[in-house]
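The values are calculated or read from the model by the stated rules, or taken from the named source; none is laboratory data. It should be emphasised that the depicted structure is a prediction, and the values quoted were computed from it without experimental measurement. Here Cβ is always computed from backbone atoms with ideal geometry, including for glycine, and neighbour counts include all displayed protein chains.
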Amino acid sequence: MEKRKQTTTWIIFFVVLVMALLFVMPFFLVILNSFKESTAFVANPFSLDTFGKVANYVTAFDTMNFLNAFKNSIIIVVIATAISSILSAMNAYVITRYRWKINKVVYMLLIAAMVIPYQVIMIPQVRLYGMYLGLTNNIWLVTFLHIGLNIPFPTFLYSGFVSGIPAELDEAALIDGASSERTFFTIILPLLKPITITCVIFTALSIWNDYILASTFLSLKEVKTLPLMTYAFLGNHSADYAPMMAGLVLTMLPVLILYLAGQKYVIEGIVAGSVKG
Amino acid sequence: MSRKKRKNIRLFCEFVVPPMLIWALVVIIPLVYGLYLTLTDWNGLSNAYNIIGLQNYADVFSDSTFVDSLLKTFIYVFFVVVLSNVLGIILALLLTAGIRMQSIFRTCFFASNMIGGIVMGYIWNYIFSFAMTKIGDLTNIGILKTSWLTDPVMAMVALIVVTVWQLSGYLMVIYVAGFSNIPSEVLEAARIDGTNSWQLFRMIKLPMIMSSVTICTFMAISKAFMSFDVNLSLTSGGPFKSTELLALKIYQTAFSNFEYGKGQAEAVVLFVIVAIISIIQVSISKRKEVN
Amino acid sequence: MKRQNLTKALSLIMAAAMTLSLAACGSKDSSDGSGDGSGASGQTTISLYTTIPGKDSQFEALCDEFMEANPDIKVDYIAYDSSEKQKWMTLYSSGQAPTVSIMDAVDIIQNSENLLPLDSSELTFMNQIDQSYVDVFKGADGQIYGIPNSVQAMGILYNKTTIEEATGETFDPSTIKTRDDLIALCDKIQAGGVAPLMLTGVDWSLGSHFLSQVFTGIRGGAEEQEAFINSVKAGEVDLKSDEAWNNVMDTFDVFAKYNYNSSDPLVGNTDIDGQSMTSGKAAMWFMGDWGWSYLESTADPNDEYGIMPVPLTNNADDAINQQLGVFPAKAYCIDASQTTEEQQAAAKKFVEFLCLGNQQAMADLLAVALPFADADVNYTSPVIASTQSYIQSGNTYSTYAFSLLLPSDFWSENGAVMQQYLVGQMDRDAAADAIQAYWQAQE
């Protein structure tokens, strides 16, 4: 019996291994070719021809104006993620804990908002914020827009989690005379840690990789984010492949680190939250 | 009573109003303005435009290429939603079986989400046109010898493969959470009763993750309907417009053809379709959860 | 009491965070480079939007050079990212219309209501450009709205060395006077074990470039071209039985037959195709002189490259078979709708600089020929010399319709038709009907 179980585990292990290799194959190719000449990539993406060309990373670093673009990306991601997470947590707390009619309306609105295609609001946003308020090439505006776009989904995740926290906890605090605000910040918020990490990772990933919003509002090099700068490698119906792949690796590393750091909590957060939604 | 009500109003203003206000400024006001623009003949560049009523909507529905694109989008969404959820569940099952290096594998499957859609589409484009054909030449496997992106059916398959590749890793995380949340006593009890693995999955695990299924299906539907980045950079709608999904079509109408009002109207139609389908899906799966 | 203080403090922090985030969004601080165009130090700020991808550092260097010579003007460089028109539209919608843009002719004419008419009596260097190129940018009101930045030619790129090695004979492109001549050459090259011709099966090459030959020089001059297109739009012409259409498509069939990519005709990657040509697997390529940029990185310096006309008919007396389709690809235009007079004046200065200021740098950047008669530059591309010899001997035909009369979605809509024809999903008559239907829908 024990032995049979062990064999099954090994079979599963190998199935997973093969699937995982297939899944990361594109990344393997990106990394491999980021160390080659562009012409060698075109000739054969699998060959080790010209392998060892670290200069691509230097080129990518320069062409992408890396430090500056990195700085812009980081500012937008950190501030937008932090504010949207805390606002969503507060939002979710009140709309799940208090059975007011208006909270139902708010919740339904947010769910509906998750299916609005960005194209519907893209140009109107540009007209309103650019033409009428004169805000373009402004990373704070982009940060603000990301906060707004990242209210519905985190609120949805948080509200699932909040409804899983026993109501007796805050009731006890309220009877003790604490206000609802205080109850939230001292009792509920610390309990939200796992789901917060989940929200932070999902939100940060989507903002970090955002292309269309940034491309709509940021056109000067000083304010561009990393994904926009990967376009610097694309030519007229052609591309400078090797440095571009090096640029991709550089763009991916920060989020990979973030994910690895928070991975343990990502699952934990959803475990405790989603199923009760 | 009135004191309590005042407190409640204060709480609402402190906790709910700020996020909803920002959200309204970012999403709702532009949405309303966008609806207004669908009633105009604005070309996107000009300073002047005329109100033309519902003409744009009439044009959208009488445009056979729009209907074509809508049908293709339905096919695409159907396969993406089904395959990404099935694969997501399988991966989650395998990755909760207690094998070695579980968390490394989870990272591998999730990795596809760490890279933006447009760039990812380009990479896959190179893989289909450079790498797969190379493997085809070496191994003489017919299906790999010509690029998938040059055949209408295979290009759609490629588009679905890439989307599923990305989405299933995302959904896997939610399903892993769902499976981990099943109380171990329940599984133990079932095992002692002598249920086999399939029965265990079908009778116990699946019913217990139905709420994850609801969420994941909802997310897959909305993501698939709005799929734009990958479509643009992987196939750009080709070959000969056979893979031009709705979100890309909207973009082409609005920007390549200088018909902004019509493109905006197409986008509104897409929004309404996704909203209706999502409502139906959520209410059906919610009912299943209760059972 | 203490608890209340804590709550208060927390709400204060939240409120502060809110105001801060809003205030930060509201403030146009240093990160906002544009504005009404007048900087604090009396500088005039203008912007340059290019739709020429992958050349950011070269353009920035040119901007820097200009700013050094003109300290009272600041140029913001706006790079192209994924879609040239989306970006242009977005910039206009946001009140940030670029002062100077480099755009296609169709887009310039489409947007002429917002652009500044350019006068050759003021910008005298415009007189250095062949009038037919300038006329491409003439709006409905007869004013000129763009100054061409380059002259390009579409045709057959050939690797003379490959051809001669395959055939064992010396190759002179001027001996190819008819379609049959081309076929004979192809047969000889094929006998030598090399694929004679190559098509890149992408919509812009097939639908915009190859197909445009039905509507351009083969019809005659600009007026004949316009008249023909109008009659197609009006449904007075049956494209299926049109002689020129059938001629061009007969030549297209030759390309399809001898195509290096015939096993997978739509794979369409200029970099792979470029390597096929430089490695000697394919001898001739339907492309244009800009195609050198796809060859440059792998070309053997001993190989000889050039460009020659596509023989569109089978009559050696038809001049068109010996003529290259030459066109001004993109042009500089200046915005008039969202700019001040100072900005427009600065923009004119800047355009003049881009045209004349550092022609060598501009020629290197564009990798195609400059349109100015007095330009004194060394082109690194050997293909340009070939183009220039056709221009100098007057062996060019008018591409007026290609530059100006084909709507901006022509290449994608009809490119799809040509692709279907190429892979045999559509026969010639069906393709003709589809293209005719496209034109009739334009009315």
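When the residues of segment C:72-85 are filtered to those that are within 8 Å of another protein chain (Cβ to nearest Cβ) and assigned to a strand (DSSP E or B), which remaining residue is surrounded by the most Cβ atoms within 10 Å (Cβ to Cβ)?
First, pick out the residues of segment C:72-85 that are within 8 Å of another protein chain (Cβ to nearest Cβ): C:76-83, C:85.
Those still in the list that are assigned to a strand (DSSP E or B) too: C:76-78.
Working: C:Asp76: 20, C:Tyr77: 18, C:Ile78: 24.
Applying the filter and picking the extreme gives C:Ile78.
Does C:Ser412 satisfy being modelled with pLDDT under 90, over 20 Å from C:Ala234 (Cβ atoms) and assigned to a helix (DSSP H, G or I)? Yes: the conditions hold for C:Ser412. Residue check: C:Ala140 meets all listed conditions (1) buried (at least 17 other Cβ atoms within 10 Å of the Cβ); (2) assigned to a loop (DSSP other than H, G, I, E, B) but one, namely (1). With C:Phe350, C:Phe286, C:Phe327 as the choices, which residue is closer than 18 Å to C:Met67 by Cβ, surrounded by 21 or more Cβ atoms within 10 Å (Cβ to Cβ) and of a type in the set (A, V, I, L, M, F, W, C)? Of the residues listed, the single one that is closer than 18 Å to C:Met67 by Cβ, surrounded by 21 or more Cβ atoms within 10 Å (Cβ to Cβ) and of a type in the set (A, V, I, L, M, F, W, C) is C:Phe350.
Give the residues of segment C:309-324 that are buried (at least 24 other Cβ atoms within 10 Å of the Cβ) and within 20 Å of the chain's Cα centre (by Cα), sorted by residue number. Across segment C:309-324, the qualifying residues are C:Pro309, C:Val310, C:Leu324. Looking only at residues in segment A:219-237 that are among the aliphatic types (A, V, I, L, M) and in contact with a helix residue (DSSP H, G or I) (Cβ under 6 Å, 6 or more places away or on another chain), the one that is farthest from C:Leu48 (Cα to Cα) is A:Leu226. Of the residues making up segment A:152-175, those that are surrounded by 24 or more Cβ atoms within 10 Å (Cβ to Cβ) and of a type in the set (A, V, I, L, M) number 2. Taking the numbered list (1) at pLDDT 85 or above; (2) away from chain C (no Cβ under 14 Å); (3) within 17 Å of the chain's Cα centre (by Cα) in turn, A:Val266 passes all entries but (1).
Identify all residues within segment B:159-170 that are buried (at least 24 other Cβ atoms within 10 Å of the Cβ) and over 11 Å from the mean Cα position of the chain (by Cα); write none if there are none. Hits for segment B:159-170 are B:Leu159, B:Val162.
The sole residue among B:Ala224, B:Ala247, B:Ala267 that is in contact with a Pro (Cβ under 9 Å, 6 or more places away or on another chain) and within 18 Å of B:Ala158 (Cβ to Cβ) is B:Ala247. Residue selection: C:Glu342 satisfies the criterion of being outside the structural domain of C:Gly217 (by TED's automatic domain parsing), surrounded by fewer than 21 Cβ atoms within 10 Å (Cβ to Cβ), farther than 20 Å from C:Ile129 by Cβ and acidic (Asp, Glu). Counted as qualifying within segment B:98-194 are the helices (runs of 4 or more DSSP H) with 1 or more residues that are more than 7 Å from every other protein chain (Cβ to nearest Cβ) and farther than 30 Å from A:Asn44 by Cα, namely B:102-110, B:152-180, B:184-192. Might you check whether a residue that is more than 10 Å from every other protein chain (Cβ to nearest Cβ) and hydrophobic (A, V, I, L, M, F, W, C) occurs anywhere in segment A:77-85? Within segment A:77-85, one or more residues are more than 10 Å from every other protein chain (Cβ to nearest Cβ) and hydrophobic (A, V, I, L, M, F, W, C). Candidates in segment B:250-271 are the residues that are within 10 Å of another protein chain (Cβ to nearest Cβ) and among the charged types (D, E, K, R); of these, the one that is surrounded by the most Cβ atoms within 10 Å (Cβ to Cβ) is B:Glu266. B:Ser222 - would you say it is within 20 Å of the chain's Cα centre (by Cα), outside any loop (DSSP other than H, G, I, E, B) and either at pLDDT 85 or above or within 9 Å of another protein chain (Cβ to nearest Cβ) (or both)? So B:Ser222 fits the description; yes.
In segment A:209-224, the count of residues that are more than 9 Å from every other protein chain (Cβ to nearest Cβ) and either out of contact with any Phe, Trp or Tyr (no Cβ under 9 Å at 6 or more places or on another chain) or among the β-branched types (Val, Ile, Thr) (or both) is one or more. Count of segment C:178-219 residues, restricted to those that are assigned to a loop (DSSP other than H, G, I, E, B) and buried (at least 19 other Cβ atoms within 10 Å of the Cβ), is 11. Evaluating A:Thr7 against the criteria (1) at pLDDT 85 or above; (2) more than 11 Å from chain B (Cβ to nearest Cβ); (3) part of a helix (DSSP H, G or I) leaves one unmet condition, (1). Scanning segment B:54-97 for residues that are at the interface with chain A (Cβ under 7 Å from one of its Cβ atoms) and assigned to a helix (DSSP H, G or I) turns up just one, B:Leu94. Across segment C:143-165, which residue is nearest to C:Cys333 (Cα to Cα) among those that are in contact (Cβ under 8 Å) with a residue 60 or more places away in the chain and assigned to a helix (DSSP H, G or I)? Checked segment C:143-165; the qualifying residue nearest to C:Cys333 (Cα to Cα) is C:Lys160.
A:Phe35 falls short of the stated requirement of being closer than 30 Å to B:Gly88 by Cα, in contact with a Lys or Arg (Cβ under 7 Å, 6 or more places away or on another chain) and either surrounded by fewer than 19 Cβ atoms within 10 Å (Cβ to Cβ) or away from chain B (no Cβ under 14 Å) (or both).
Note on segment C:99-137: residues that are of a type outside the set (A, V, I, L, M) and part of a helix (DSSP H, G or I) amount to 13. In segment A:242-258 there is no residue matching the filter, namely being facing chain C (nearest Cβ under 9 Å), farther than 20 Å from B:Met114 by Cβ and in a helix (DSSP H, G or I). Checked against (1) within 21 Å of A:Thr59 (Cα to Cα); (2) surrounded by fewer than 16 Cβ atoms within 10 Å (Cβ to Cβ); (3) in contact with a strand residue (DSSP E or B) (Cβ under 8 Å, 6 or more places away or on another chain), C:Ala61 passes all but a single condition, namely (3).
Going by the conditions given, is A:Thr198 farther than 30 Å from C:Ser83 by Cβ and either within 17 Å of the chain's Cα centre (by Cα) or at pLDDT 90 or above (or both)?
yes
Residue-by-condition table, conditions (1) at pLDDT 90 or above; (2) more than 10 Å from chain A (Cβ to nearest Cβ):
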{"position": "C:Ser38", "(1), (2)": "no, yes"}
{"position": "C:Asn70", "(1), (2)": "yes, yes"}
{"position": "C:Ser94", "(1), (2)": "no, no"}
{"position": "C:Asp104", "(1), (2)": "no, yes"}
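Filtered by the rule that a residue be part of a helix (DSSP H, G or I) and among the aliphatic types (A, V, I, L, M), segment A:113-129 gives A:Ala113, A:Val120, A:Ile121, A:Met122, A:Ile123, A:Val126, A:Leu128.
Out of curiosity, is A:Tyr231 within 12 Å of chain C (Cβ to nearest Cβ) and out of contact with any strand residue (DSSP E or B) (no Cβ under 6 Å at 6 or more places or on another chain)? Yes; evaluated as a whole, the condition is true for this residue. In this structure, does B:Val274 turn out to be within 11 Å of another protein chain (Cβ to nearest Cβ), at pLDDT 85 or above and more than 30 Å from B:Pro152 (Cβ to Cβ)? Taking the combined requirement at face value, the residue does not satisfy it.
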